[in-house]
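S.K.: My questions all concern the structure below.
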Amino acid sequence: MTVTFRREGNAGLVELANPPVNAMGLAVRRGLLEAVRWAEAEAGLDRIVVSGQGRAFAAGGDAREFDGEPVPPHLPDVLDAIEACPVPWIAAAHGVALGGGAELMLACRYRIAAPGTRIGLPEVTLGVVPGAGGTQRLPRLVGLAAAVDMIATGKPVTADDAYEMGLVDAVADDPVAHALALDAAELAARSALSSLDGPEPDEMAIDKARASVARRMRGQVAPEKAIDLVALSVSEPFAGALRQERETFIALRTTDQARALRHIFFAERAAKAPDWLDAEAQRIESAIVVGGGTMGAGIAYALLLAGIAVTVIETDADGAERARAHVASIMEASAARGLLGEDKRARIEAALTISTDYADGASADLAIEAAFESMEVKKVVFSALEEALPTHAVLATNTSYLDLDEIAATLKSPSRLVGLHFFAPAHIMKLLEIVQGAATSHAALATGFDLARRLRKVPVLSGVCDGFIGNRILARYREAADTLLMDGATPWQIDEAMVAFGYAMGPYEAQDLSGLDIAYANRKRQAETRDPNRRYIPIADRMVHEGRLGKKTGVGWYRYPGGGGKVEDPLVEDLVAEEAHFAKVARRDFTSEDIERRLLLAMINEAADILAEGIAQSAADIDLVTVFGYGFPRWRGGLMHHADTLAVDAILADLRALETEDPIVWRPSAAIVACAERGIGFAEYRPGS
Ligand code: T1G
């Protein structure tokens, strides 16, 4: 039974029992309707108390049903029946009440939440709108401004805030007991929200919400539609507005944006250790982090937040002081954002040691090397770690580019080595590439995945290659951009095209923020192994030679007067034109569409090779890497999900056309040819099959 109901005195107790989070699929909707019929027939009841078994009240509609035709009873009809039930329903919520779960609360006459309950209408984060009365009942309960803010952003509120804004009537440790003790007459006198007049008009709140979503959710359809529906609650009668809400929800469910957001939602939750990984993870109580720079300090802080004791090892006293300062500044920033209370801060400080002596971390179960990106340095670090740590300890490197197998070859037991590639800032970015070297043991791999779970990261398994999954794709993205630069585009045009596509910022602004010297060092490292026949664009090297390293030097691709915002720099256009002249390139114009298409094709082509080589396990994994590590717009579902909306035949045809321009750079990946031949998308592609 996914909904149980029983009588206790003059109360009916209804419980949602659909683990793990009481998603309100068909069985739950049917069960709730049965409970209403039972309540209507049962004599002498003066209340129905609805609650959720397990850790949630209700997580909302079952998003797995959204691809198919809606099956009655539909949630808005079930909630209307609850609201119209002659016996008043009381919501006794705990854990989370999200989407349809919050709408169930709104259909009740009275609402109680346990402390810490999160209540929200996050439908827009799935590309849809509340579709069971939320856009009409919520404004009648809390007013237009609070309702439009909650619904347009999708952000939940805590029980205390919900009480302050009138969304719940009480916060109680035992919501069911509190419901049973309520005065029956008071309950009977409560009006159904749908019977109330609409909220007072508030044009300013609507305009503010529209401006906010235009900025923060640019390109997304659902937030705008949600605001339109909430605005309807002022003037449109409830029933008419409810019909429009339902029509909008049904129409949005099957849009590309909703499918893309659902794809990422489920792909993120499926990001766990692969089925074939059969080993036990090493329990991590304490860890060593070698290198207390930006990355090392961020990694150390992420481990400390997960309750792992950390020893940060630096080369000398100055380095140790800098490491201490780095960690302290991260803690200050967290505290300033209200994310680090005094108790937690004290616990973290007690669990942190900063030292120059590996012996101080001698009991560690895990070591993560985040030292300078030099193979020589890493080899020295790992031989010291192997000497200092117990043999059970897992050894990990955070290297972004260097060959894991070459490091492993210097170890007495190479099977202990795994790659844990964090993304800056390491305590915030959710992506963690877990790199499996030729010798990496399953136990070391399992430990990486278990650590990702404890750090609440999104783990993606990667094979060993230059740049693993994300940086290898990024290199092609940047190469395609620099090629367009050489052939006639400007950095600003390219950035604008990719911002219009949905990135928060384009490739050139992004480089200015991370620093041009990092990619420069990698190009120098790759120089001796680079294909001499592959066209090489020297513009980014020229920028570094001119000392234009990005925001940190005040000039990069853009200028940053007074360290402020970016300003286009005509000097850069002159510099590009000069390089093009040296290279005897006849420059020409490119449209935004050309730019977007070429940069996407370059990434898709490289990603297809990554799939074909088995470096990534699936197209969905590449989607997670591009969304959680490189700012690919989430509402496009990630690089390969987006590629599947372009259709592989069109991708192949475009590549064939570009191949005439440059047969090396634009050679179509074998995986793309295979998908086109088989008429399948990347989601179904399996190398060798
Ligand atoms: N539908 C289907 N499955 C869901 C689900 C949902 N709404 N929510 C969670 N799951 C699955 C999830 O895939 C995972 O599965 C397991 O439950 C545990 O989730 C008309 C119709 C509730 C805060 O947007 O935000 O209501 O991996 O790992 O970290 O307006 O899940 O175990 O197989 O995330 O504790 C609106 C989405 C829907 C809420 C729990 N609701 N869910 O987080 O566990 S639209 C949402 C969440 C709607 C009405 C419409 C989180 C959570 P598996 P989890 P968690």
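S.K.: Keeping the other protein chains in place, figure out the carbon and sulfur percent of the accessible area of the chain, with a 1.4 Å probe.
M.R.: Summing carbon and sulfur atoms, their accessible area is 54 percent of the total for the chain.
S.K.: Can I ask one more? What FRET efficiency, computed as 1/(1 + (r/R0)^6) with R0 = 25 Å and r the Cβ-Cβ distance, is obtained for Arg243 and Asp197, rounded to the nearest 0.05?
M.R.: That gives a FRET efficiency of 0.85.
S.K.: Thr135: net charge of surrounding residues, Cβ under 14 Å, Lys/Arg +1, Asp/Glu -1, itself excluded?
M.R.: Values: positive: Arg137, Arg140, Lys225, Arg243, Arg246; negative: Glu103, Glu123, Asp149, Glu224, Asp228, Glu236, Glu245, Glu247.
Taking every Cβ under 14 Å from that of Thr135, the sum is -3.
S.K.: Report, for the chain, the % of DSSP beta bridges that are antiparallel, rounded to 5.
M.R.: Among the beta bridges of the chain, antiparallel pairing accounts for roughly 25 percent.
S.K.: Only Cα pairs under 8 Å and at least 6 apart count here; give the relative contact order of the range 3-254 as a rounded whole percent.
M.R.: Once normalised by length, the contact order is 19 percent.
S.K.: Given H placed 1.01 Å from N in the peptide plane, which residues other than close sequence neighbours of Ala409 have an amide H under 5 Å from its amide H?
M.R.: none
S.K.: Let me ask something additional. Determine ³J(HN,Hα), in whole Hz, for all residues of the range 115-128 in sequence, where each value follows from phi through the Karplus function 6.51 cos²θ - 1.76 cosθ + 1.60 and θ = phi - 60°; x replaces Gly and Pro.
M.R.: Using θ = phi - 60°, the values come out as x, x, 5, 9, 10, x, 10, x, 3, 5, 6, 10, x, 10 Hz.
S.K.: How large is the charge dipole for the range 470-684, taken about the Cα centre, if only the Cβ atoms of Lys, Arg (+1) and Asp, Glu (-1) carry charge, to the nearest 20 debye?
M.R.: Value, rounded to 20: 500 debye.
S.K.: If you don't mind, another one. As I understand it, the dipole of the chain uses +1 on the Cβ of Lys and Arg and -1 on the Cβ of Asp and Glu, about the Cα centre. Which of Leu599, Val380, Leu352 lies farthest toward its positive end?
M.R.: Among Leu599, Val380, Leu352, the one farthest towards the positive end of the dipole of the chain is Leu352.
S.K.: Okay, moving on. What's the angle, to the nearest 10 degrees (0 to 90), between helix 238-253's Cα axis and the longest principal axis of the chain?
M.R.: Taking the Cα atoms of the chain, the angle to 238-253 is about 30 degrees.
S.K.: In terms of solvent-accessible area of protein heavy atoms at a 1.4 angstrom probe, what is the ranking of Val435, Val544, highest value first? If you can, show how the numbers build up before the last one.
M.R.: Values: Val435 0, Val544 25 Å².
I get Val544, Val435, largest accessible area first.
S.K.: Okay, moving on. Please identify the chymotrypsin sites (Phe, Trp or Tyr not before Pro) of the range 251-332 that satisfy two criteria: DSSP loop assignment and at most 10 other Cβ atoms within 10 Å. Which are they?
M.R.: Trp276
S.K.: With angles folded into 0 to 90 degrees, how steeply does helix 592-612 sit against the dominant principal axis of the chain? Use alpha carbons for both and round to 10.
M.R.: Helix 592-612 and the main axis of the chain meet at about 80 degrees.
S.K.: Could you order Ser415, Ser669, Ser689 by accessible surface area, starting with the largest, using a probe radius of 1.4 Å?
M.R.: Ser689, Ser415, Ser669
S.K.: Further question: If DNA, RNA and ligands are ignored and the probe is 1.4 Å, what is the ranking of Arg243, Arg416, Arg218, Arg542 by accessible area, most exposed first?
M.R.: Arg243, Arg218, Arg542, Arg416
S.K.: Relative contact order, percent, of the chain when contacts are C-alpha pairs under 8 Å separated by at least 6 residues? Let's see the in-between values first.
M.R.: On the way: 1312 pairs, mean separation 60.0, N = 689.
Relative contact order comes out at 9 percent.
S.K.: Follow-up question, since we're still on this one. How much solvent-accessible surface does Ser191 expose, in Å² to the nearest 10, with a 1.4 Å probe and all protein chains in place?
M.R.: It works out to around 70 Å².
S.K.: Okay, moving on. Of Val221, Leu104, Val418, whose Cα points farthest to the positive end of the dipole of the chain (charges on the beta-carbon: +1 Lys, Arg; -1 Asp, Glu; origin at the Cα centre)?
M.R.: Going by the Cα projections, it comes out as Leu104.
S.K.: Looking at the range 425-527, which GluC sites (Glu not before Pro) are DSSP coil and have at most 10 other C-beta atoms within 10 Å of their C-beta?
M.R.: none
S.K.: Which one, Gly448, Val458, Asn471, is farthest towards the positive end of the dipole of the range 444-534 when Lys and Arg carry +1 and Asp and Glu -1 on their Cβ?
M.R.: Highest projection toward the positive end goes to Gly448.
S.K.: Can you pull the accessible area of Phe423 for me, 1.4 Å probe, Å² to the nearest 10?
M.R.: Number for this one is 20 Å².
S.K.: If you average the sequence gap of Cα pairs under 8 Å that are 6 or more apart and divide by the length of the range 470-684, what percent do you get for the contact order?
M.R.: Answer for the range 470-684 is 23 percent.
S.K.: Over the chain, average the accessible area per residue using a 1.4 Å probe and give it in Å², no decimals. Walk me through the intermediate numbers first.
M.R.: Working: 28330 Å² over 689 residues.
Accessible surface, normalised per residue, equals 41 Å².
S.K.: How big is the dipole moment of the chain about its Cα centre under a simple scheme where the beta carbon of each Lys and Arg is +1, that of each Asp and Glu is -1, and everything else is neutral? Debye, nearest 20, please.
M.R.: Its charge dipole is roughly 420 debye.
S.K.: What is the helix-to-structure angle for 294-305, meaning the angle in degrees between its Cα long axis and the longest Cα principal axis of the chain, kept from 0 to 90 and rounded to the nearest 10?
M.R.: 30
The values are calculated or read from the model by the stated rules, or taken from the named source; none is laboratory data. Note that the structure is a prediction, hence the values are computed from the model and not measured. Positions of Cβ are generated from backbone atoms using ideal geometry, with glycine treated the same way; all protein chains shown enter the neighbour counts. Keep in mind that these areas ignore ligands, DNA and RNA; they rest on the heavy atoms of the full protein, side chains included. Shrake-Rupley method; radii C 1.70, N 1.55, O 1.52, S 1.80 Å.
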